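Below: the structure, in structure tokens.
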Amino acid sequence: MIEITGKDLTIEDLNKIARLNNEIGLSRSALEQIQTSYEKLLHLVETTKSLYGINTGFGIFANKKISIKESKKLNRNLIFSHAVGTGEPLPGEIVRAAMAIRINALAKGLSGVKLEIVSTLLEMLNKGVIPQVPSKGSLGSSGDLCLLAQLGLILLRDELDAEEDSGESLFQGKLFSGKKAMQMAGIKRIEFTHKDGLALINGATFSAAIAALCISDAHKLFNIADAAVALSMEAMCGKSDAFHDGIQKARNIKGQIEVAANIRKIIEGSSFIDSLDQVQDAYSIRCSPQVHGAIRETGKFVREIITNEINAATDNPLIIDDNEVISGGNFHGEPIGLAADFLSIAVTELGAISERRTFRLLDRNLSNGLPAMLVDTLKGEGLNSGVMILQYTAAALALENQTLATPDSIKSLPTSANQEDHNANAFNAAMNLWKIIRNTTKILAIELYTASRGIDLRKNINPSGEMGVGTQEIYKLVRDQFPYHADDMQWGIELESFYKMLIQGSDLKDKIISILD
């Protein structure tokens, strides 16, 4: 069980909760923090005239006073009016990650919510109640309001408690109304009062969840990309000089040093490498330590930002001490938006340089003697197209990534009658990063698949050649799943299967990554 404290949730923990369904529990300190914060709020409600979102309206209506007697209705109206997202439902793993982040944020004890809010969210996660949350509608500034409000519909019980007002949720693989799913799971829905509704929906939580899962995916993608470089080098008899440790240390970028060391490690013992007389290779091979290394450094930076974010209190206002509720702007998603944009650019580059290596593998003028389009024999050229169109797909995905990587965080439109005059657009940035990660995984699958075929044909040219210890192992992993086919076939079927193995959990993926760890 993963213990939630409000301060030390890791991206690895979040990945286990979201994707492996690890159970979570609140630490003793978290329980005390939540309860103490709620008691402080109750005292402040009795002694303070204006508390934003507690006895006032929201956004442009912040100056409108609301009676504490109307607290339940205020909370009910907040959730109902804000649950207006649209689009296809988000994947369940994103929803689970967002729920865990919100639990962790509220566990810090700065939000003034009832313990029942947090414990109910926790129980939903542990029992597998996964709200259906639409994938569009958030600006990621006042938080992911409409998405979190959709989550709130599942928890909220108002006076009428109508089933049609309870949202929808998956439970045990089937879709039910939120009310029905909670009943089947044996979880009580609760009335929201005071700051419960606002604390639940105020924060760029879904944006952070997507970014965190993408960082986990990207970290694994970095090793897969290094493996792809090495296989392409084997197929094209690349030069090892560019990976010399002295060259990397002369620039002294840690990620670059790591990449070159990875590739040196797995090509060690190869007789294909350095077997031809070219002076140096093209940039897509020769500069891969510099490109992949810079991408790794970007990943480290983004990981630090998002790790801080998933351990932050992001609603407004916050109860900072015993005597004051302080309004601020921690809900603003700018840190997430900028970080997601930065990682989007980096992962787009990972796909772009991979596509260039795939292109070289298919061009007989650039591949150091491999057959055109990796057709099995000269006799088969024309009758067979080889893997020509795999590069088309890689190029199309690389071009799509270039559009998706255009920064979202620099774009803003005002909302709430200009009270909210600068918005982060963080959710769109995170969603585009999610798409780029998946596109780039497909591009790398294409390179690994193509390079493996190139190695087969290189062995025909040089039957006595030997691969490196690591590259031989990676090549065998690919070939065990996808045997060599001499003639044209539906390459797409195998590629789709390969992609799923790389984007999801699989022995193939884990073993490739472990070879480079």
(request) Take Lys239 and decide whether it is of a type outside the set (S, T, N, Q), open to solvent by 10 Å² or more (accessible area, probe 1.4 Å), without any contact (Cβ under 8 Å) to a residue 12 or more places away in the chain and within 30 Å of Arg357 (Cα to Cα). (result) no
(request) Evaluate region 17-24: report whether one residue or more is touching a residue at least 40 places away in the same chain (Cβ under 8 Å), assigned to a loop (DSSP other than H, G, I, E, B) and open to solvent by less than 20 Å² (accessible area, probe 1.4 Å). (result) no
(message) Just to check your reading of the model, which residue among Leu457, Leu477 is open to solvent by 10 Å² or more (accessible area, probe 1.4 Å), in a helix (DSSP H, G or I) and in contact (Cβ under 8 Å) with a residue 12 or more places away in the chain?
(response) Leu477
(message) It is to be established whether one or more residues within region 87-106 are over 25 Å from Ser138 (Cα atoms), open to solvent by less than 50 Å² (accessible area, probe 1.4 Å) and not in a strand (DSSP E or B).
(response) no
(request) Only residues in region 392-407 that are touching a residue at least 12 places away in the same chain (Cβ under 8 Å) count as the first member; pair them with residues that are among the charged types (D, E, K, R), Cβ under 7 angstrom, at least 6 apart or cross-chain, and list the lot. (result) Ala394/Glu355; Ala395/Glu355; Leu397/Lys442; Ala398/Glu355; Leu404/Lys435; Pro407/Asp341
(request) Specify the residue that is farthest from Ile101 (Cα to Cα); the eligible residues are those in region 165-198 that are part of a helix (DSSP H, G or I) and touching a strand residue (DSSP E or B) at 6+ places or on another chain (Cβ under 7 Å). (result) Met184
(request) Can you confirm whether region 50-59 contains a residue that is hydroxyl-bearing (Ser, Thr, Tyr) and open to solvent by 10 Å² or more (accessible area, probe 1.4 Å)? (result) yes
(message) Condition check: modelled with pLDDT of 95 or more, surrounded by 24 or more Cβ atoms within 10 Å (Cβ to Cβ), in a helix (DSSP H, G or I) and in contact with a strand residue (DSSP E or B) (Cβ under 9 Å, 6 or more places away or on another chain). Does Leu153 satisfy that?
(response) no
(message) Looking only at region 408-422, filter to residues that are in contact (Cβ under 8 Å) with a residue 12 or more places away in the chain and assigned to a helix (DSSP H, G or I); which one of those is surrounded by the fewest Cβ atoms within 10 Å (Cβ to Cβ)?
(response) Ala417
(request) Please work out if Gly140 is surrounded by 24 or more Cβ atoms within 10 Å (Cβ to Cβ) and either in contact with a Ser or Thr (Cβ under 7 Å, 6 or more places away or on another chain) or farther than 27 Å from Ala62 by Cα (or both). (result) yes
(message) Under 9 Å between Cβ atoms, which residue pairs at least 6 apart in sequence (or on different chains) link something in region 142-153 that is closer than 11 Å to Val95 by Cβ with a partner that is open to solvent by less than 10 Å² (accessible area, probe 1.4 Å) and among the basic types (Lys, Arg)?
(response) Leu148/Arg102; Leu151/Arg102
(request) Go through region 112-129 residue by residue and tally those that are of a type in the set (Lys, Arg) and outside any helix (DSSP H, G or I). (result) 1
(message) I need the full set of residues from region 324-355 which are β-branched (Val, Ile, Thr) and in a helix (DSSP H, G or I), in order please.
(response) Ile336, Ile345, Val347, Thr348, Ile353
(request) Tally the residues that are charged (D, E, K, R) and under 8 Å from the mean Cα position of the chain (by Cα), restricting the search to region 190-218. (result) 1
(request) Could you please find all residues in region 253-268 being surrounded by fewer than 21 Cβ atoms within 10 Å (Cβ to Cβ) and within 14 Å of Met467 (Cβ to Cβ)? (result) Lys265, Glu268
(message) Whether any residue in region 496-510 is over 22 Å from the mean Cα position of the chain (by Cα), among the small types (Gly, Ala, Ser) and part of a loop (DSSP other than H, G, I, E, B) is what I want to check.
(response) no
(message) Checking the condition within 26 Å of Trp491 (Cβ to Cβ), of a type in the set (A, V, I, L, M, F, W, C) and over 17 Å from the mean Cα position of the chain (by Cα), which residue from Leu404, Leu366 passes?
(response) Leu366
(request) Look through Asp217, Asp226, Asp281 and report the one residue that is at pLDDT 95 or above, open to solvent by less than 40 Å² (accessible area, probe 1.4 Å), in contact with a Leu (Cβ under 7 Å, 6 or more places away or on another chain) and among the acidic types (Asp, Glu). (result) Asp226
(message) Given (1) on the phi > 0 side of the Ramachandran plot; (2) at pLDDT 95 or above, identify the lone condition not met by Val129.
(response) (1)
(request) For region 294-302, state whether one or more residues are touching a residue at least 12 places away in the same chain (Cβ under 8 Å), open to solvent by less than 40 Å² (accessible area, probe 1.4 Å) and either assigned to a strand (DSSP E or B) or among the polar types (S, T, N, Q) (or both). (result) yes
(request) May I ask you to say which residue of Leu74, Leu41 is open to solvent by less than 40 Å² (accessible area, probe 1.4 Å), closer than 18 Å to Ser142 by Cβ and either touching a residue at least 40 places away in the same chain (Cβ under 8 Å) or assigned to a helix (DSSP H, G or I) (or both)? (result) Leu74
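The values are calculated or read from the model by the stated rules, or taken from the named source; none is laboratory data. Given the structure is predicted, the values throughout are model-derived calculations rather than measurements. Neighbour counts are summed over all protein chains in view; Cβ atoms, including those assigned to glycine, are modelled from backbone coordinates with ideal geometry. Remember, those area values only see protein heavy atoms, side chains included, never the ligands or the DNA or RNA. Shrake-Rupley method; radii C 1.70, N 1.55, O 1.52, S 1.80 Å.
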